[in-house]
Structure formats: structure tokens, C-alpha cells
Amino acid sequence: MVFDVLTLFPEMFAGPFSTSILKRAMDKGIVSISLINIRDFSQNRHRTVDDAPFGGGAGMVMAPGPILQALETVHKRRGKTGPVILLCPQGERFTQKLAGELATENHIVLICGHYEGVDERVRSAATGEISVGDFVLTGGELAAMVVVDAVSRLVPGVLGEETAPATDSFATGLLEHPQYTRPREFRGMAVPEVLLSGHHARIARWRREEALIRTLVRRPDLLATAELTDEDRHFFRECAERIHRCIIKD
């Protein structure tokens, strides 16, 4: 997987891309990340890349020339082999599903917006736009880091345990079940006995039911599109009946 990131601030990526899982993936040659400084494509001696917006208004807008010339340089070097994504608040909401789709690509170009945004003509060169949430950042760099991290961990070979992504929160439409490790008891809080039973089927069902409960309580909106089994629906009916009996009893 190759990422080309077009940015005004390549130095921002030094920490996140030089440690932990991403660093190991790059050392193994599974993931490659190149940072392209948009300022290098400015046509004036001050290396400016922004200008005042036509029609007036606060702030500055990134000019199309340097961005598109940077993109053309990437395409000359690698070819037009994958999506070109503009990171901006107006884009498609970034989800685990979208991360999975992008993980099947061989090459992704990410354009980091800044200031009050980019000249509208830059959008003509993008194949898509992504927003990491309903909020506004100072620039697209942090969003690019999120996209690179989320997509990279789904690329085969990046994670040590290949089945791990399949059980992540959102991977199945549900939040992930609770996790425990040693010690068995900590400050009066014990590990659920079922996890110590060695009974794999019971453990799997417990984890599924805990994921269902956690999703219902914390993110009930996810249940509208989650892939529920007949056993899941039966579990919810049982929960509803128990709650009903408790209400009547009280």
C-alpha cells in the first residue's frame, strides 16, 4: 500500500509515522508513505500557496496551482493508479467500512486542505472527499493521519493477528465486547467467570451478547444497520421481557 500525502506541513507527520505499528509496517515494506510539500510547487520566491478569496471574506484560500502541480508530479512518478482524496469537512463521513474499501487499493493520494479551504477547482482532480467527523480542524493533516492509520491496519500483514480487525468495533456493525487480562482480580473487580471456563462456544456467545448490550446502550443507532442473527434478536427479546417483568414487579 502506497500513500502520497500532499501537505503544507510534512513535519507534522514525523511522530505518528515513525513509531509503533505504522513504523513496523513501513520497515517491512508493507506500507509506504511519502510526504509531498505543496510549497515546493509554488511559483513565487516567497513560496506562498494561498490568496484572498474572490468576493471578499475572512481568511485565505489555498490556490489551485501548487496543489494540482504536486498531484501531477505524483501521477507522473506512479501513474494514476488509485483514488485521490481531498480531506475536508464537506466530505463523506469516514467509517470503518470506507477504511476497508480503501485498504483494497494499492495507491492512495491524500490532499490536506488548510486555511479557509482549497480553491473549488482542486475538487475537479479529486476522486473523492473525506471528513473524519462533524467538526472543523485547523488543517487536513490530522485527518490524513487518521485515514492512513485506519486504512493501514486493515492491510494484510500490518497487524500481527490477522483476525483482529474482524472483531474491532464497527467491523461487524457493533461495538467491541469488553476485554480482560491478568490479574484475575484487580481492586475488587474480577474477570467474568465465563472467560476462565475454557468453553469456547460459551465465551463466544458471551462476547457477542456483551457487544450487543454495549451497542444498545452506547450507540443504539448502529443497530439499525448491524447484521443481527436470529439468536441476537432472541437475546434482545429476552432482555426486553426481563426489563418488563422488573417494571411490573416494582
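The values are calculated or read from the model by the stated rules, or taken from the named source; none is laboratory data. Just so we're clear, the structure is a prediction, and the values are computed from it rather than from any experiment. Neighbour counts run over all protein chains shown; Cβ positions are idealised from the backbone, glycine included. For the accessible areas, the whole protein counts, side chains as well, though only heavy atoms, and no ligand, DNA or RNA atoms are used. Shrake-Rupley method; radii C 1.70, N 1.55, O 1.52, S 1.80 Å.
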Checklist (1) part of a loop (DSSP other than H, G, I, E, B); (2) within 17 Å of THR7 (Cα to Cα); (3) without any contact (Cβ under 8 Å) to a residue 24 or more places away in the chain applied to GLU72, failing item = (1)
task = Spot the failing condition for ALA201; the list is (1) of a type in the set (Gly, Ala, Ser); (2) more than 20 Å from SER169 (Cα to Cα); (3) touching a His at 6+ places or on another chain (Cβ under 7 Å), and only one is missed.
result = (3)
task = Scan segment 177-198 residue by residue and report those that are open to solvent by less than 90 Å² (accessible area, probe 1.4 Å) and free of Cβ contacts under 8 Å to residues at least 12 places away in the same chain.
result = PRO183, GLY188, ALA190, VAL191, SER197, GLY198
ask   = Can you pull out the residues in segment 57-113 that are more than 18 Å from ARG47 (Cα to Cα) and of a type in the set (Ser, Thr, Tyr)?
value = THR81, THR95, THR104
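Yes/no per residue for (1) within 28 Å of PRO156 (Cα to Cα); (2) in contact with a Gly (Cβ under 7 Å, 6 or more places away or on another chain); (3) modelled with pLDDT under 95:
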site: GLN69; (1), (2), (3): no, no, no
site: GLU72; (1), (2), (3): no, no, no
site: LEU86; (1), (2), (3): yes, yes, no
site: GLY91; (1), (2), (3): yes, no, no
site: ALA99; (1), (2), (3): yes, no, no
site: THR104; (1), (2), (3): yes, no, no
site: HIS107; (1), (2), (3): yes, yes, no
site: GLY113; (1), (2), (3): no, yes, yes
site: GLU116; (1), (2), (3): no, yes, yes
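Within segment 202-250, how many residues turn out to be over 27 Å from the mean Cα position of the chain (by Cα), open to solvent by less than 70 Å² (accessible area, probe 1.4 Å) and closer than 20 Å to PRO178 by Cα?
Final tally of qualifying residues: 7.
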Verdict on LEU174 being open to solvent by less than 30 Å² (accessible area, probe 1.4 Å), part of a loop (DSSP other than H, G, I, E, B) and of a type in the set (A, V, I, L, M, F, W, C) = yes
request  = Residue by residue through segment 12-62, note down the ones that are loosely packed, with under 10 Cβ neighbours inside 10 Å and aromatic (Phe, Trp, Tyr).
outcome  = PHE54
query = Restricting the first residue to segment 7-19 and requiring it to be free of Cβ contacts under 8 Å to residues at least 60 places away in the same chain, which pairs with a second residue that is not in a loop (DSSP other than H, G, I, E, B) meet a Cβ separation below 9 Å and a spacing of at least six or different chains?
reply = PRO10/LEU35; PRO10/ILE36; PRO10/ASN37; PRO10/GLU141; GLU11/LEU35; SER18/MET26
task = Exactly one condition in (1) within 24 Å of LYS23 (Cα to Cα); (2) touching a residue at least 12 places away in the same chain (Cβ under 8 Å); (3) assigned to a loop (DSSP other than H, G, I, E, B) is not met by GLY160; state its number.
result = (2)
task = Those residues that are out of contact with any Asp or Glu (no Cβ under 7 Å at 6 or more places or on another chain), over 17 Å from ALA144 (Cα atoms) and in a helix (DSSP H, G or I), I need them from segment 26-69; list them, please.
result = ASP27, ARG39, ASP40, PHE41, GLY65, PRO66, LEU68, GLN69
task = Mind listing just one residue for me: the one in segment 25-36 that is touching a residue at least 40 places away in the same chain (Cβ under 8 Å) and under 19 Å from GLY160 (Cβ atoms) and, of those, farthest from the chain's Cα centre (by Cα)?
result = LYS28
Residue satisfying all of: in segment 103-122; in contact with a Cys (Cβ under 9 Å, 6 or more places away or on another chain) and not in a strand (DSSP E or B); surrounded by the most Cβ atoms within 10 Å (Cβ to Cβ) among these = GLY113
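Would you confirm, using the coordinates I've provided, whether GLU176 is under 25 Å from ALA52 (Cα atoms) and not polar (S, T, N, Q)?
No.
Please go through segment 76-92 and pick out each residue that is open to solvent by 40 Å² or more (accessible area, probe 1.4 Å) and not charged (D, E, K, R).
Selection gives THR81, PRO89, GLN90.
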